[in-house]
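> Shown below is the structure under consideration.
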Amino acid sequence: MESTGTTNSGGRGHEDDDAGAERVIEEIDAEECLALLGSHQVGRVAVVVGIHPVIFPVNYCLDGDAVVFRTGEGAKLQGAAGHPVGFEVDAVDVGAHTGWSVHVWGKASDVTEQNGGHEARRVQRLALEPWAVTDASHWIRIDPVSITGRRIRPT
């Protein structure tokens, strides 16, 4: 069973643990990182608001190798627009003790009005609709400086 995000044993003991199996952690190459990013719709964006790191779940899509999400006014926009951010997407199989994680580091830009609106018109053609009923009128694009990934798998 694959699940997105961090999960736990749900109060169960260790009956699902496969203690005898050895696992290895391996790097995921850039091409596969982009494929994994493109295969999901929900990730987490990490920003700094004031002096505190804050992590927000967002639905997103890719624009080339850039991550794009929508948001309204508030802490997420304040912490992201014009600042370095982190973005993460993952999948975990708790029973098998396997999973993967892809991290994007880069600068976020509010492209809503960039280039006289040209960039906004271009990204607004992407298949990205907010899941929540909200004023998500700002389109945020994370231009990556680094995309890395790791996988834990049986040997």
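The values are calculated or read from the model by the stated rules, or taken from the named source; none is laboratory data. No experiment lies behind these values; they were computed from the predicted model shown. Cβ sites come from the backbone with ideal geometry, for glycine too, and all protein chains shown count toward neighbours.
> Out of 68, 45, 89, which single residue is in contact with a Cys (Cβ under 8 Å, 6 or more places away or on another chain), touching a residue at least 60 places away in the same chain (Cβ under 8 Å) and either within 19 Å of residue 130 (Cβ to Cβ) or assigned to a loop (DSSP other than H, G, I, E, B) (or both)? Give the steps one after another, and end with the answer.
Details: 45 fails: in contact with a Cys (Cβ under 8 Å, 6 or more places away or on another chain); 89 fails: in contact with a Cys (Cβ under 8 Å, 6 or more places away or on another chain).
Testing whether each residue is in contact with a Cys (Cβ under 8 Å, 6 or more places away or on another chain), touching a residue at least 60 places away in the same chain (Cβ under 8 Å) and either within 19 Å of residue 130 (Cβ to Cβ) or assigned to a loop (DSSP other than H, G, I, E, B) (or both) leaves just 68.
> What residue, among those in the stretch 131-155 that are surrounded by 11 or more Cβ atoms within 10 Å (Cβ to Cβ) and of a type in the set (A, V, I, L, M), is nearest to residue 101 (Cα to Cα)?
My answer is 152.
> Then there is this: Is it the case that residue 133 is modelled with pLDDT of 95 or more, of a type outside the set (Lys, Arg) and more than 26 Å from residue 28 (Cβ to Cβ)?
Details: modelled with pLDDT of 95 or more: no; of a type outside the set (Lys, Arg): yes; more than 26 Å from residue 28 (Cβ to Cβ): yes.
It is false that residue 133 is modelled with pLDDT of 95 or more, of a type outside the set (Lys, Arg) and more than 26 Å from residue 28 (Cβ to Cβ).
> Right, here's the next one. Suppose we filter the stretch 31-42 for residues that are surrounded by 15 or more Cβ atoms within 10 Å (Cβ to Cβ) and not in a loop (DSSP other than H, G, I, E, B); how many remain? Reasoning before the result, please.
Pass one, the stretch 31-42, residues surrounded by 15 or more Cβ atoms within 10 Å (Cβ to Cβ): 33-34, 36-37, 40.
Filter again for not in a loop (DSSP other than H, G, I, E, B), leaving 33-34, 36-37.
Result for the stretch 31-42: 4.
> Across the stretch 43-53, which residue is farthest from residue 152 (Cα to Cα) among those that are surrounded by 14 or more Cβ atoms within 10 Å (Cβ to Cβ) and modelled with pLDDT of 95 or more? If you could, list the steps in order and put the result at the bottom.
Here is the first cut: in the stretch 43-53, the ones surrounded by 14 or more Cβ atoms within 10 Å (Cβ to Cβ) are 43-49.
Narrowing the set further to residues that are modelled with pLDDT of 95 or more leaves 43-48.
On the way: 43: 19, 44: 20, 45: 22, 46: 23, 47: 26, 48: 29 Å.
My answer is 48.
> Hey, among the residues in the stretch 17-42 that are in contact (Cβ under 8 Å) with a residue 40 or more places away in the chain and among the small types (Gly, Ala, Ser), which one's farthest from residue 155 (Cα to Cα)?
30
> Which of the following residues is touching a Leu at 6+ places or on another chain (Cβ under 6 Å) and either at pLDDT 70 or above or more than 13 Å from residue 67 (Cα to Cα) (or both): 92, 102?
Values: 92 fails: touching a Leu at 6+ places or on another chain (Cβ under 6 Å).
Matching residue, one of 92, 102: 102.
> Right, next: Hey, does the stretch 137-145 have a residue that's at pLDDT 95 or above, among the β-branched types (Val, Ile, Thr) and touching a strand residue (DSSP E or B) at 6+ places or on another chain (Cβ under 9 Å)?
Yes - at least one qualifying residue is present in the stretch 137-145.
> For the stretch 54-68, which residues satisfy the criterion of being surrounded by 17 or more Cβ atoms within 10 Å (Cβ to Cβ), touching a Phe, Trp or Tyr at 6+ places or on another chain (Cβ under 6 Å) and farther than 12 Å from residue 107 by Cα?
58, 60
> Return a yes/no flag: does the stretch 2-22 have any residue that is modelled with pLDDT of 90 or more and among the hydrophobic types (A, V, I, L, M, F, W, C). Steps first, answer last, please.
Narrowing the stretch 2-22 to residues modelled with pLDDT of 90 or more: 22.
Checking which are among the hydrophobic types (A, V, I, L, M, F, W, C) leaves us with none.
No, the stretch 2-22 contains no residue that is modelled with pLDDT of 90 or more and among the hydrophobic types (A, V, I, L, M, F, W, C).
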